[in-house]
């Protein structure tokens, strides 16, 4: 598929206009996988370790035909783990996620839903058990990780059925999730991270401690990265009664520095605890966001 | 500081615009949702101090920018030490073109230097100034700058002397009456000490007196003829001038004929007498001459005298002993002869003949004497006794100041032209036709005159000149010349014109004398300093260009602060 027509590389807002989440996710995944030479999650599923002599009863599909052709001896390929990965995708559904800086862009929540759907499709195609948790102040949806047919549809339905929340108390939701994720696996958090960093990190650290591999997608609208607006404006917090009157032009540079510091702080803290951190703006094509995982 | 367009200062109210805009803008800001408010709050908290300073700085810069632009539009004039324009000024330029300004010192006429300075003063004036030019003739010339420049250019040495103290006071009062910020009097004179020796100028406060200092060095030596008068067949020539002059040769001429020479000694007050050759009866004019020197104007002075036969005089009844004695002396000196052409008495008799009449000693005869005068057609009569007082006379200088203790008032219908002397402003000596009336008897009981040295010359004048209707030789200031006064076909007097003798002394006044004459605030300045001090009190430069440059700087700073501190 030529790069110019690959859905995963198009503008997210343009892609969203193609149809519902399923169509978008499938298009993105098709394009994304076509652009890769290997599965991004190969290491998580089937890992080749050694050869051993064929014994009667072994499945013929694991025979190494190349060795047979060269030495006329029978060997089978042996893998480290042949069970599926358990992946849980955590989507922040708080009120702040329902915001966009411009009408032509997707809200952070819409972007997160589509990214989560695409990621789930990739994982399920690899036969990895994939589940979903949506949360705001509370955990709203929990779809346990399964690999059975129709799981992806259930996940998408779960995303669609989760309304926009009000506040964000992620640490409480994350603490509750630790209890749900008893078996170690992959945890992908998709959020704007507009909550207390230390409390959230404490929960994520706990997951790491339990042996989970944790990936964080930090979503931000471009308008949240570069401050703009009328000469003077009262900005209000959608999740609280707080407000502040500023002149965006005066604060733009200092604000950008603050955002950079915040992103750097998240990245440093995550790296320190072995958590993969990715800062994604909602105008980044989905394929590019997924590629961050490879 | 003043402003060319002060109304533009109303625009200073616009200086409140930045503050007002700041306040108005803060009232109703639009409200928008912004999820990462925590980042914004943190940013604002960290930048609060910087923003506060920035806002304050921008407010000050914008306010200052408006203020500076408005001030520039008002065209401010600020005091400067050199160059620049000046505030509207009332100026009198006193260009002293008195005779001494015609002196040539070191090959250069004094007037040229004064004219250059006067021209520079006038040329520096603007349309907002009021300017006058005052010359030695005492006329204050007003008008436009070009007209005054032309007047200054055409000035030549005048024959009139200028009383500088009086001129400065006049000029100071003139400029003081003008409602202008600046008031100056520029005195461009050779500052002769004789021009400042009398009087002191009363200069109002706020009037600057700038005087050009005389050139450095020794004063030019000059000799001039102070006076030339004829007496007893000889002309007496008085020579005056600056100290240090050499003995001066004096030449006397009648017409084109040289009639004598003499050498006047050095120093002031020297006089020589040159005998005149006998002349026929009538009026004669001559002139005394000096060798040419620095000041040519005072090297020549005319003189005039009258040659007439002695009057034949007789003492009438009641003339008194003093008159008799005086006539005897005059007769011995051949100033009068025997005869009855003129009779001196107390009651005129007959209807013809010239009479010098004094009041009768007996008051009972006063009525008879008055009737006799009336019978001769004399419009004067003796009246009641008058108050004592000194004699005042311009025609007969010898008697001026003599005390009169007893007199009769002279009443008459004739004009003042017949009055030859007065006491307490009342006629004392009058002439009507061939009759001369005295208010007092020429007796020591009536007046001190008979005991004074001037008595015999007075009687001489009465009988030889006054009763004949001839006036004395007058002296006046002006171009050296002689003017004769005539009555009908007769010459009855003459006036000799010449320059004031004080003009011959070219010695400049000392600074102390200048300060005493013009006031201690007067400045006596060299040419260079005079040029620098001219209008210095109100000299202003237009600062609008500097303010506009400052406005540009402020605008650039504001732009820099507004963009670089975001």
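Read the figures in this text as sums done on the coordinates, not as results from a lab. Everything numeric in this text was worked out from a predicted model, so none of it was measured. When we count neighbours, we look across all protein chains shown, and the Cβ atoms used for this are built from the backbone with ideal geometry, even at glycine.
Could you work out how far apart the two model spin labels at residue B:46 and residue B:329 are, taking each label as a point 7 Å from the Cα in the direction of the beta carbon, and quote it in nm?
Placing both labels 7 Å beyond Cα along the Cβ direction yields 12.4 nm.
Quick check: pseudo-label points 7 Å beyond the Cα along Cα→Cβ at residue A:197 and residue A:71, how many nm apart are they?
Distance between label points: 5.5 nm.
Show that you can apply the helix-only estimate: for the protein assembly as shown, add -39,500 (n - 2.57) for every DSSP H stretch of four or more residues, divide by all residues, and state [θ] at 222 nm to the nearest 500.
The helix-only estimate for the protein assembly as shown comes to -9500 deg cm²/dmol at 222 nm.
Can you tell me the order of A:236-244, A:117-125 when each peptide is scored by its average per-residue count of other Cβ atoms within 10 angstrom, highest first?
Highest mean packing first, the order is A:117-125, A:236-244.
How would you rank B:52-63, B:90-101, highest first, on the average number of other Cβ atoms within 10 Å across their residues?
The most tightly packed comes first, giving B:90-101, B:52-63.
Quick one: work out the % antiparallel among DSSP beta bridges in the protein assembly as shown, nearest 5.
Taking every DSSP beta bridge within the protein assembly as shown, about 55 percent pair in antiparallel fashion.
For the range A:196-226 and the range B:65-132, compute the distance between their C-alpha centroids and round to whole Å.
86 Å
For Cα pairs less than 8 Å apart in space and 6+ apart in sequence, what is the mean separation divided by the residue count of chain B, i.e. the relative contact order in percent?
18 percent
Give me a single rounded figure for A:235-247: the average over its residues of other chain Cβ atoms within 10 Å of their Cβ.
Mean inter-chain Cβ contacts per residue within 10 Å come to 6.
May I ask for the angle, rounded to the nearest 10°, between helix B:164-176 and the longest principal axis of chain B, with both axes built from Cα atoms and the value confined to 0 to 90°?
Once rounded, the angle reads 40 degrees.
Using only Cα atoms, find the angle between the long axis of helix B:37-73 and the longest principal axis of chain B, and express it within 0 to 90 degrees, rounded to the nearest 10.
20 degrees
Report the gain in length on full extension from residue B:23 to residue B:221: 0.36 nm times residue separation, minus Cα-Cα distance, nm rounded to one decimal.
Gain in length upon complete extension: 63.0 nm.
Could you work out, for the protein assembly as shown, what percent of all Cα-Cα pairs fall into each 20 Å distance bin, beginning at 0 Å and stopping at the bin that holds the largest distance?
11, 21, 16, 10, 9, 10, 10, 9, 3, 1, 0
Computed FRET efficiency, Cβ-Cβ of residue B:555 and residue A:172, R0 56 Å: what is it to the nearest 0.05?
It comes to 0.50.
Can you give me the distance in nm between label points at residue B:246 and residue A:243, each placed 7 Å from the Cα along the Cα-to-Cβ direction?
It is 11.0 nm.
Go ahead and run the numbers for FRET between residue A:142 and residue B:53, Cβ-Cβ distance against an R0 of 60 Å, rounding to 0.05.
Working from the Cβ atoms, E equals 0.70.
Among bridges DSSP assigns within chain B, what percent are antiparallel (round to 5)?
65 percent
So if R0 is 35 Å, what FRET efficiency would residue B:448 and residue B:198 give, r being the distance between their Cβ atoms, rounded to the nearest 0.05?
Calculated transfer efficiency: 0.70.
Report the antiparallel proportion of the DSSP beta bridges in the range B:311-466 as a percent, rounded to a multiple of 5.
Given both bridge residues lie in the range B:311-466, the antiparallel proportion sits at roughly 55 percent.
Once you average over the residues of B:357-368, how many Cβ atoms of partner chains fall within 10 Å of each Cβ?
0
Place the peptides B:339-347, B:368-376, A:129-137, B:461-469 in order of packing, highest mean first, counting for every residue the other Cβ atoms within 10 Å and averaging per peptide.
A:129-137, B:461-469, B:339-347, B:368-376
Tell me the angle of helix B:321-332 to the major Cα principal axis of chain B, expressed in degrees between 0 and 90 and rounded to the nearest ten.
With both axes taken from Cα atoms, the answer is about 80 degrees.
What average number of partner chain Cβ atoms lie no more than 10 Å from the Cβ of the residues making up B:40-49?
Per-residue shielding by partner chains comes out at 6.
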